[in-house]
Amino acid sequence: MMEAKKLAVDVERIHQLNSLLRPFIKRPSVGDTITFEQYRILHELVAEKISTSELSRRLNVGQSMVSIQISRLLNGGFIKDETLPTDRRYHVFQITTQGRRVEEHVNSALEVELPELMKQVNTILK
């Protein structure tokens, strides 16, 4: 009986966390320019050029999701595609100046919003 009660409490916490985080993660950033998932890709590309498979591994999401977001970021001019001279089939992606500006803008917004969001998460987890 006690396990069922603990499970019910845990399920409710997960529901509350989902309700809190979903709007934050799903909402577009910077005036509908990019989504949170796209921001995560830009953030990874700030430090180095990365392939789709490496992005997928680092972000712990499927390659198809990364490919879709990469396509949108390429179309928006936020990243550029580069093939290796030694193997034209291998693509790596690099952030553009425009992508860098957007990534920095979202970073600034997160610095303001994340502390409050984390307080709310901690309240739910207590």
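The values are calculated or read from the model by the stated rules, or taken from the named source; none is laboratory data. All values reported here derive from a predicted model rather than from experimental measurement. Virtual Cβ from ideal backbone geometry, glycine too; neighbours counted across all protein chains shown. The protein model used for the area step is the full one, side chains on, heavy atoms only, and it has no ligands, DNA or RNA in it. Shrake-Rupley method; radii C 1.70, N 1.55, O 1.52, S 1.80 Å.
Tally the residues that are free of Cβ contacts under 8 Å to residues at least 40 places away in the same chain, surrounded by fewer than 16 Cβ atoms within 10 Å (Cβ to Cβ) and under 19 Å from ARG101 (Cβ atoms), restricting the search to the range 42-59.
Filtering the range 42-59 for residues free of Cβ contacts under 8 Å to residues at least 40 places away in the same chain gives 44, 47-48, 53-59.
From the residues that got through so far, the ones that are surrounded by fewer than 16 Cβ atoms within 10 Å (Cβ to Cβ) too are 47-48, 53-54, 57-58.
Those still in the list that are under 19 Å from ARG101 (Cβ atoms) too: 47-48.
Here the count works out to 2.
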Restricting attention to the range 16-29, which residues are at pLDDT below 80 and open to solvent by 50 Å² or more (accessible area, probe 1.4 Å)? ASN18, SER19, LEU21, ARG22, PRO23, ILE25, LYS26, ARG27, PRO28
Pick from LEU125, LEU114: which is among the aliphatic types (A, V, I, L, M), within 30 Å of VAL9 (Cβ to Cβ) and touching a residue at least 60 places away in the same chain (Cβ under 8 Å)? LEU125
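Yes or no, residue by residue, for (1) touching a strand residue (DSSP E or B) at 6+ places or on another chain (Cβ under 6 Å); (2) closer than 30 Å to ILE14 by Cβ; (3) surrounded by 12 or more Cβ atoms within 10 Å (Cβ to Cβ):
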{"residue": "LEU73", "(1), (2), (3)": "yes, no, yes"}
{"residue": "THR86", "(1), (2), (3)": "no, no, no"}
{"residue": "PHE93", "(1), (2), (3)": "yes, no, yes"}
{"residue": "THR96", "(1), (2), (3)": "yes, no, yes"}
{"residue": "ARG100", "(1), (2), (3)": "no, no, yes"}
{"residue": "VAL106", "(1), (2), (3)": "yes, yes, yes"}
{"residue": "ALA109", "(1), (2), (3)": "no, yes, yes"}
{"residue": "LYS119", "(1), (2), (3)": "no, yes, no"}
Can you name the residue in the range 76-126 that is in contact with a Lys or Arg (Cβ under 8 Å, 6 or more places away or on another chain) and part of a helix (DSSP H, G or I) and, of all such residues, is modelled with the lowest pLDDT? LEU125
